[in-house]
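Any read-out appearing in this document is the output of simple, stated calculations on the displayed coordinates, not a laboratory observation. The structure displayed is predicted, hence computed values, not measured ones. Note: ideal-geometry Cβ built from the backbone for every residue, glycine included; neighbour counts use all protein chains shown.
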Amino acid sequence: MRQQLFDVDVEGLIRQIHPKYRAVWEGLAPEDQRALALYFLPHRSAKDVLEPKRPRVIKWYCPFAAQCDFPSGHRYCINVFTGCAHHCEYCYAQAYEPDEAAPKSNFERLLLKDLDDLERWDVPPAPVHLSNSTDPFQPLEATAGHTRLALTEILRHRYRFTTVTILTKNPLLPVRRGYLDLFQALGTLPEDHPRHAEFAARAQPGFVIEVSLAFWREDARQHYDPGAPPLDERIEGLRALHAHGIPLVLRIDPLFPRSPLPTRPPASLADFDLPEAQTLDDLERLAALAKDLHARHVVYSPVKIVQPRGGQLSPTMQALRRVYEACARPAKPVFRGGSWRLPDAIARAHIIQPFLDICRRYDMPAKYCKHNLIETP
Ligand code: SF4
């Protein structure tokens with residue numbers, strides 16, 4: 001039952017939505033437009049233009065991009081912690097997250113408030129993602145338990161969500177600490193859910209776990225993912241999840257340049273004091289693993305060199321930037337969205353296409369990072 005808020009001019013809120021988000025409201029039924037406005041938009045802002053910043057924990061999926069560039073639509077992200085203990089060299093969250101991982105204060109109280117708001121305004125169901133900027137199963141979860149709490153509450157309010165997607169580099173933690181029942185319970189939409197019939201007809205799971213595994217050799221992992229779990233632990237976790245019927249996506253992401261580099265004259269990563277991150281043989285083995293695990297698809301994107309918030313690039317990332325400069329010559333790497341990238345044509349020819357050829361040989365669908373998110377119902 002929708003509750004009214006008689007002292008809020010909801011139509012006025014809708015008129016004030018920033019144009020970059022407006023497309024999400026267009027095409028919705030009027031009552032759903034009102035529900036989204038009440039949930040996402042500040043009710044008493046003095047600003048002329050409003051952004052969807054009202055939720056405390058269950059937030060607008062992507063606050064950075066305009067819908068015309070990244071049509072994420074109505075979906076949520078819960079960043080369960082701030083910062084991430086894994087300290088991956090290439091992590092884009094370095095641009096805005098603190099260095100040290102920590103639980104959020106008042107997480108439970110704020111989560112419950114957001115859930116109450118979803119209920120009282122009868123907000124239509126949407127996908128929820130954990131987490132964009134932190135690993136929900138980093139070691140902190142073993143003591144804080146915020147991911148377990150969030151998933152338990154999502155299950156209690158299952159009607160308000162469609163697909164629940166978890167992204168982690170640490171799949172063994174939930175396996176060893178008894179999260180599998182929770183994962184399985186989240187996998188099916190209740191019969192009175194408005195999307196139940198659609199999900200059942202498409203055999204669309206209501207819960208998916210995406211595991212990041214960009215490397216096949218432990219020495220490469222230690223260099224580029226220094227704080228993340230070892231590869232054998234990740235593979236053990238993946239196999240246990242698969243054995244329990246949990247739908248999986250393998251993120252072979254990011255993709256790195258490999259030797260010989262497309263430079264003139266030809267050079268290798270060793271010339272830049274970098275170890276080989278992913279040989280073609282590594283990628284082949286990762287694709288074979290994805291096939292073996294019946295992964296729904298794999299996710300990829302070329303590695304970005306992220307400018308950390310208020311800091312220097314690490315020696316590894318400085319070296320990788322020199323690789324990008326050499327590969328791009330006579331052009332330059334492209335600086336966009338806070339990170340350096342290879343020019344698209346070079347990234348496609350040298351990094352992406354050989355990977356896609358391997359995936360095709362393994363009959364493994366491959367989705368560019370973010371497209372997988374947009375396509376999650
Ligand atoms: S696990 Fe994910 S969020 Fe954590 S540092 Fe690595 S890439 Fe960033």
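Any idea what the alpha-carbon Rg over 2.2 N^0.38 Å comes to for the range 8-53?
The value comes to 1.00.
Note the direction-averaged projected area, equal to a quarter of the hull surface, for the Cα convex hull of the chain, in nm².
So the Cα hull casts an average projection of 19.4 nm².
Would you work out the relative contact order for the range 8-53, in percent, from Cα pairs under 8 angstrom that are 6 or more residues apart?
Reported as a whole number, the value is 48 percent.
Whole-Hz Karplus ³J(HN,Hα) for the range 111-128, in order, using 6.51 cos²θ - 1.76 cosθ + 1.60 and θ = phi - 60°, x for Gly and Pro?
4, 5, 5, 4, 5, 4, 5, 4, 6, 5, 9, 6, 5, x, x, 8, x, 10
In terms of modelled amide H atoms, which long-range or inter-chain residues lie less than 5 Å from the amide H of Thr162?
Here Ala126, Val128 satisfy the definition.
Compute the Cα gyration tensor for the range 222-279, then decide on rounded, prolate or oblate, letting a ≥ b ≥ c be the square roots of its eigenvalues: rounded whenever a/c is under 1.5, prolate when a/b is larger than b/c in the other cases, and oblate in all that remain.
prolate
Compute the angle between helix 30-40 and the longest alpha-carbon principal axis of the chain, please, reported from 0 to 90 degrees and rounded to the nearest 10.
Tilt of helix 30-40: around 60 degrees.
Output the 0 to 90 degree angle, nearest 10, between the alpha-carbon long axis of helix 231-243 and the longest principal axis computed from the alpha carbons of the chain.
Helix 231-243 sits at roughly 50 degrees to that axis.
Could you tell me which of Pro226, Gly237, Phe207 has its Cα farthest along the dipole of the range 178-323 towards the positive end, charges placed at Cβ (Lys, Arg +1; Asp, Glu -1), taken about the Cα centre?
The listed residue farthest towards the positive side: Pro226.
Rounded to two decimals, what ratio of Rg to Rh does the range 227-360 give with C-alpha atoms and a Kirkwood Rh?
1.01
Which whole-Hz couplings ³J(HN,Hα) result when phi for each residue of the range 88-104 is put into the Karplus expression 6.51 cos²θ - 1.76 cosθ + 1.60, θ = phi - 60°, listed in order with x for Gly and Pro?
5, 4, 9, 5, 6, 5, 4, 5, 9, 9, x, 5, 8, 7, 7, x, 7
Along the range 56-72, what does the Karplus equation 6.51 cos²θ - 1.76 cosθ + 1.60 (θ = phi - 60°) give for ³J(HN,Hα), rounded to whole Hz, x for Gly and Pro?
For the range 56-72, the Karplus curve yields 8, 10, 8, 9, 3, 4, 10, x, 8, 9, 6, 4, 5, 8, 9, x, 6 Hz.
Please give the helix 146-156 orientation as an angle from the longest Cα principal axis of the chain, in degrees from 0 to 90, rounded to the nearest 10.
The answer is roughly 50 degrees.
Semi-axes of the range 92-156's equivalent ellipsoid from the Cα gyration tensor, sqrt of 5 times each eigenvalue, largest first, rounded to whole Å?
Calculated on Cα positions only, the semi-axes equal 24, 14, 11 Å.
In terms of modelled amide H atoms, which long-range or inter-chain residues lie less than 5 Å from the amide H of Lys104?
Distant-sequence amide H within range of Lys104: Thr82.
What list of whole percents do you get for P(r) of the range 61-127, with Cα-Cα distances grouped in 5 Å bins up to the one holding the largest distance?
3, 13, 17, 18, 20, 17, 9, 2, 0
What is the packing order of peptides 170-177, 214-221, taking the mean over residues of other C-beta atoms within 10 Å and listing the highest first?
Order by mean packing, descending: 170-177, 214-221.
So how strong a dipole does the chain carry about its Cα centre when Lys and Arg Cβ are +1 and Asp and Glu Cβ are -1, to the nearest 20 debye?
So the magnitude is around 620 debye.
Check the straight Cα-Cα distances from Lys59 and name the lysines below 18 Å, setting aside those fewer than 8 residues away within the same chain.
Correct list for Lys59: Lys20, Lys104, Lys113, Lys370.
Compute from the Cα atoms of the range 299-377 the Rg and the Dmax, the latter being the longest Cα-Cα distance, and quote both in angstrom.
Looking at the range 299-377, its Cα Rg and Dmax stand at 14.6, 43 Å.
Enter the per residue convex hull volume of the range 127-175, computed from alpha-carbon coordinates, in Å³ rounded to the nearest integer.
Given the Cα convex hull of the range 127-175, per-residue volume reads 74 Å³.
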